[in-house]
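Single-structure report; data block below.
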Amino acid sequence: MHALVFGTVSDPLLAAALWTGCGALAATFALLVVIALMRLRLLRRLARERRVAALWNPLLAQCAEGVPDPLPRLRRRDAESFLLLWCRAQESLRGEAQAHLREMARRLGVEAWTGRLLRSRRIDRRLLALVTLGHLRMREHAPWLHTLVSSAPPIVSLYAARSLMRIDAGIGMPLLLAATARRGDWPLAAAGSILRDCDPRAVAPMLAAAIRAALGKQDGKGLARLLRLHVAAHAESLRDMVLEVIATAVEPETLAAALGALSQRQDVVHARRLIGHPEWFVRVAAARALGRLGGEDDVARLAAALADPNWWVRYRAAQALCSIPGMGPAELGALAARLTDRFATDMLRQVIAERTPA
Amino acid sequence: MSWESAADAAQWFFLLYFVGLNLGYLLLNAFSLLALPRELETRLIHVLPRVHSGYEPPVSVIVPAYNEEATIAASVRSMLQLEYPELEVVVVNDGSRDGTLDALRREFALVPYPEAYRRRLEVKPVRGVYRSTLFPNLRVLDKENGRKADATNAGVNAARYPLVCVVDADSILERASLRRVVIPFLTDPHTLASGGTVRIANGCEVRGGFLEAVGLPRNLLALLQVIEYLRAFLFGRLGWEPMNAVPIISGAFGVFRKEALVAAGGFRSDSIGEDMELVMRLHRLNRLAGRPYRVAFLPDPICWTDAPESVKALRSQRTRWQRGLGESLMFNRALLFHRRGGAPGWVMFPFMVAFELLSPLVELSGYLFMTLGFALGFVSPTAFWTFLLLAIGLGMMLSMSALLLEEISFHVYKRPSELAVLAAAALIENFGYRQLITVWRLHGFWQWVTGKGGGWGEMKRSASWQKSL
């Protein structure tokens, strides 16, 4: 039996096709209705958000001076929009104003709303709740945030870590550093961003302790990750730990990270020692360190590195030469003229041009 | 085989193919519907204090340009104003025959620069390197013409930073687009490439290379392409994301890990669909080597592009895309059903062959078979109209579901009247437009099979948005 050829609707295949086609048309128009309804809902939501902003933004601004009194009642359906405005105000205001905002939140019963959001299945609501908890600075939430930092998915754990740091940096920082070393799923950038809000002098001893722990565990990857956070710490306070690592480490990643953390001129010996390392990225780190810490004695070393087979080593060596005290345009030009390796000359000329104001 | 048996087999084949094709797209739609809410939930992160700020890896933005005299200055200015902590812009003038280089020299006060140019990827000779005296992070490479892929590779050679962002010279970006598209590299160290949704810029207001206001195009062809792009990006690509099988990162705006790009051999100059070919190659090389990797796709509308408004330009674009698809699949055929192919080799690749590469051939054959059968009397009117109802009904449903995804997610077109126009476009595109596109795709398929057909051609851009500069 041929369903299409000379077919009629009584043919099963044709009937199925007909019903599918009709079903598709019906679904199309159902989708059209759904889209229209969603647009209506969106317009209503936007109107509500505008209304919430119009009501609460002036009151949040008044918190710069003191807590407005009386406060309107916070309606359940407005709670999420309000919390977003409140968190933004916390980010933009400083000092006493933040305390006023916390007092305002306490009077409005924000903690209860936050608890509800934390139990939500939606990640955006949970993140909003975590940020709010951090701004509320309520220490009783610290143990629970502690658990989240250790075990929650990356984005949730990072927001939990930031909030924990806000509540109590003394508890939060060792945990943040331990998690940074351990959690390969944490972007280093995120941990660094959280640490940047702290006093570098407070970061240094805790970072040193975390580095020591990683060294003890011979955790090369964790060690390299922690060393890269050195920019958030007071360099002098971290120095001894960095020297200990660079003297004992053998893993190239660790050595490169430690070279990046060198900060004192007297430590340049390590960069000199490692400029001939077999791994190119260690040589790059050594060249950069020589640029930061080196002197006239290092010109010959860096000139030799200009002929390195790796482009990046040549480039960083050329940049380092330009940073050496006493290496002005005339000296660099003379050095470029003396070089016999074409790649070395090209690279030095490029970097001289980069440094020359147009 | 009798004539009747052959006709019977043909009807079964066409029906099953249409059902399979639409079922495939419906499944992709379902995956997108599952993936989209997760993506949207994390959008609040853009509003909350950011956890990544300040440590983003530096990015080299590469802008290959060929005969872009009219638009290049505005485009480069917009790249220079992207919200990003550290970026450099490398414009590659690919042997333009117009005044592209002069426009760049004039606008950015270029001076020659003795760059130690590193040839990691083979490219046509570089005639000169310039740097801007106004913007220290802008360099211009002037090279012999070698097509977009060659120009992009030349830019990759000159790039200083670990991530390279490839941008079409006529792309319009949102200020935050680079920051957003880089997030997958921060959250997953295995990310090799990341791209986002490309939208149609025709009808929008653009100032200084940035999008100021979203609008719908007045030109019907461009309007219908708005729906097509929604379909292509919101489920044609987002649907593959959860399987890590995104088949293409648009050449209009994509970010790549430079070392992975160089290790893969860069963009292929002998491919007309070099953006898709590269992503397919990344899948093939990494899958077959058993290396963990990710090709990420963000549904955020981060890049806007000029759509062709004339029949001729659109035909040229679509035939070219189909040839590019054929080449990309052929060059990477080792991925197909490879034991280590995973979702890209076992799901995405066969899907692309069956429902993207061959679909113009089968679809048009189906239409032809039914129309001829109807005209010659061996297909009953009931069967003919049922077939049309099925084909058009499913097409309308898919277009409308793309519009639904848009409404769930970004509702970029704010005015209710715009939504109504889009809904109408989603319906009417099924009456002629899609069939016309299928004809052009068949032409492209034929050109690929026979190895005939020109190169890129020179796309005439309307760049109507430029008038508002």
When residues of region A:125-154 are filtered for being within 13 Å of chain B (Cβ to nearest Cβ) and buried (at least 20 other Cβ atoms within 10 Å of the Cβ), how many remain? 11
Any chance A:Leu118 is farther than 25 Å from A:Ser157 by Cα and away from every other protein chain (no Cβ under 14 Å): no
Do we have any residue at all in region B:97-117 that's of a type outside the set (D, E, K, R), away from chain A (no Cβ under 13 Å), assigned to a loop (DSSP other than H, G, I, E, B) and more than 28 Å from A:Ala344 (Cα to Cα)? yes
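Based on this model, can you work out whether B:Val295 counts as more than 30 Å from B:Phe387 (Cα to Cα) and among the hydrophobic types (A, V, I, L, M, F, W, C)? Before you say what the answer is, go through the steps one by one.
Numbers: more than 30 Å from B:Phe387 (Cα to Cα): yes; among the hydrophobic types (A, V, I, L, M, F, W, C): yes.
Yes; evaluated as a whole, the condition is true for this residue.
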What pairs come out if I take residues in region A:189-214 that are within 14 Å of chain B (Cβ to nearest Cβ) and pair them with residues that are assigned to a helix (DSSP H, G or I) and of a type in the set (D, E, K, R) whose C-beta lies under 6 Å away, six or more apart or interchain? A:Ile194/A:Arg162
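For region B:56-95, name all the residues that are of a type in the set (Ser, Thr, Tyr) and modelled with pLDDT under 95. Show your work before the answer.
Let us first name the residues in region B:56-95 that are of a type in the set (Ser, Thr, Tyr), namely B:60, B:66, B:71, B:75, B:78, B:84.
Within region B:56-95, B:Tyr66, B:Thr71, B:Ser75, B:Ser78, B:Tyr84 qualify.
If I filter region B:360-386 down to residues being among the small types (Gly, Ala, Ser) and assigned to a helix (DSSP H, G or I), which single residue comes out as nearest to the other protein chains (Cβ to nearest Cβ)?
Residues of region B:360-386 that are among the small types (Gly, Ala, Ser), as a first pass: B:365-366, B:373, B:375, B:377, B:380, B:383.
Cutting the leftovers down to assigned to a helix (DSSP H, G or I) gives us B:365-366, B:373, B:375, B:383.
On the way: B:Ser365: 14, B:Gly366: 11, B:Gly373: 7, B:Ala375: 14, B:Ala383: 4 Å.
Out of the qualifying residues, it is B:Ala383.
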Has region B:62-78 got at least one residue that is in contact with a helix residue (DSSP H, G or I) (Cβ under 8 Å, 6 or more places away or on another chain) and within 14 Å of chain A (Cβ to nearest Cβ)? no
Please work out which one of (1) more than 18 Å from B:Glu406 (Cα to Cα); (2) within 14 Å of another protein chain (Cβ to nearest Cβ) is the condition B:Glu205 fails and give its number. (2)
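Tell me the residue from A:Ala191, A:Ala204, A:Ala213 that is assigned to a helix (DSSP H, G or I) and at pLDDT below 90, please. It would help to see each step written out before you state the result.
Numbers: A:Ala204 fails: at pLDDT below 90; A:Ala213 fails: at pLDDT below 90.
Criteria check complete, one pass: A:Ala191.
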Boolean, B:Ile183 is of a type outside the set (Asp, Glu), within 14 Å of chain A (Cβ to nearest Cβ), under 30 Å from B:Arg315 (Cβ atoms) and touching a residue at least 60 places away in the same chain (Cβ under 8 Å): no
Could you tell me whether B:Arg160 is among the charged types (D, E, K, R), on the phi < 0 side of the Ramachandran plot and in contact with a Pro (Cβ under 8 Å, 6 or more places away or on another chain)? yes
Specify which of the listed residues (B:Asn157, B:Asn153) is over 21 Å from B:Thr305 (Cβ atoms) and in contact with a Ser or Thr (Cβ under 8 Å, 6 or more places away or on another chain). B:Asn153
Does A:Ala160 qualify as being modelled with pLDDT of 85 or more, on the phi < 0 side of the Ramachandran plot and over 11 Å from the mean Cα position of the chain (by Cα)? yes
Could you say whether any residue in region A:250-262 is under 23 Å from A:Asp185 (Cβ atoms), at pLDDT 90 or above, of a type in the set (D, E, K, R) and surrounded by 23 or more Cβ atoms within 10 Å (Cβ to Cβ)? no
Consider B:Leu390 carefully, then state whether it is within 30 Å of B:Gly215 (Cα to Cα), within 14 Å of chain A (Cβ to nearest Cβ) and not charged (D, E, K, R). no
A:Ala304 vs. criteria buried (at least 16 other Cβ atoms within 10 Å of the Cβ) and in a helix (DSSP H, G or I): no
Output the residues belonging to region A:17-31 that are in contact with a helix residue (DSSP H, G or I) (Cβ under 6 Å, 6 or more places away or on another chain) and more than 13 Å from B:Leu388 (Cα to Cα). A:Ala27, A:Thr28, A:Leu31
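Rundown of residues vs (1) within 14 Å of chain A (Cβ to nearest Cβ); (2) closer than 22 Å to A:Leu37 by Cβ; (3) touching a Phe, Trp or Tyr at 6+ places or on another chain (Cβ under 9 Å); (4) at pLDDT below 90, yes/no style:
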residue	(1), (2), (3), (4)
B:Ser401	yes, yes, yes, no
B:Ser409	yes, yes, no, yes
B:Ala420	yes, yes, no, no
B:Asn430	yes, no, no, no
B:Ile437	no, no, no, no
B:His443	no, no, no, no
B:Gly453	no, no, yes, yes
Among the residues listed as B:Leu261, B:Leu178, B:Leu224, B:Leu234, the single one being crowded, with 23+ Cβ neighbours inside 10 Å, closer than 30 Å to B:Arg333 by Cα, among the hydrophobic types (A, V, I, L, M, F, W, C) and within 17 Å of the chain's Cα centre (by Cα): B:Leu234
Filter pass, B:Arg441 being touching a Gly at 6+ places or on another chain (Cβ under 8 Å) and basic (Lys, Arg): no
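More than 30 Å from A:Glu236 (Cα to Cα), free of Cβ contacts under 8 Å to residues at least 24 places away in the same chain and in a helix (DSSP H, G or I), is that true of A:Leu348?
It is false that A:Leu348 is more than 30 Å from A:Glu236 (Cα to Cα), free of Cβ contacts under 8 Å to residues at least 24 places away in the same chain and in a helix (DSSP H, G or I).
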Which condition number in (1) more than 30 Å from A:Ala36 (Cβ to Cβ); (2) at pLDDT 90 or above; (3) surrounded by 17 or more Cβ atoms within 10 Å (Cβ to Cβ) is the one that B:Val449 fails? (3)
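Pick from B:Thr152, B:Thr191: which is farther than 15 Å from B:Val89 by Cα and at pLDDT 90 or above? Walk me through how you get there before you give the answer.
On the way: B:Thr152 fails: farther than 15 Å from B:Val89 by Cα.
Sole residue among the options that is farther than 15 Å from B:Val89 by Cα and at pLDDT 90 or above: B:Thr191.
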Filter region A:166-188 down to the residues that are in a helix (DSSP H, G or I), within 12 Å of chain B (Cβ to nearest Cβ) and surrounded by fewer than 21 Cβ atoms within 10 Å (Cβ to Cβ) and list them by number. A:Arg166, A:Leu188
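The values are calculated or read from the model by the stated rules, or taken from the named source; none is laboratory data. Given the structure is predicted, the values throughout are model-derived calculations rather than measurements. Counting neighbours? That spans all protein chains shown, and the Cβs are built from the backbone with ideal geometry, glycine included.
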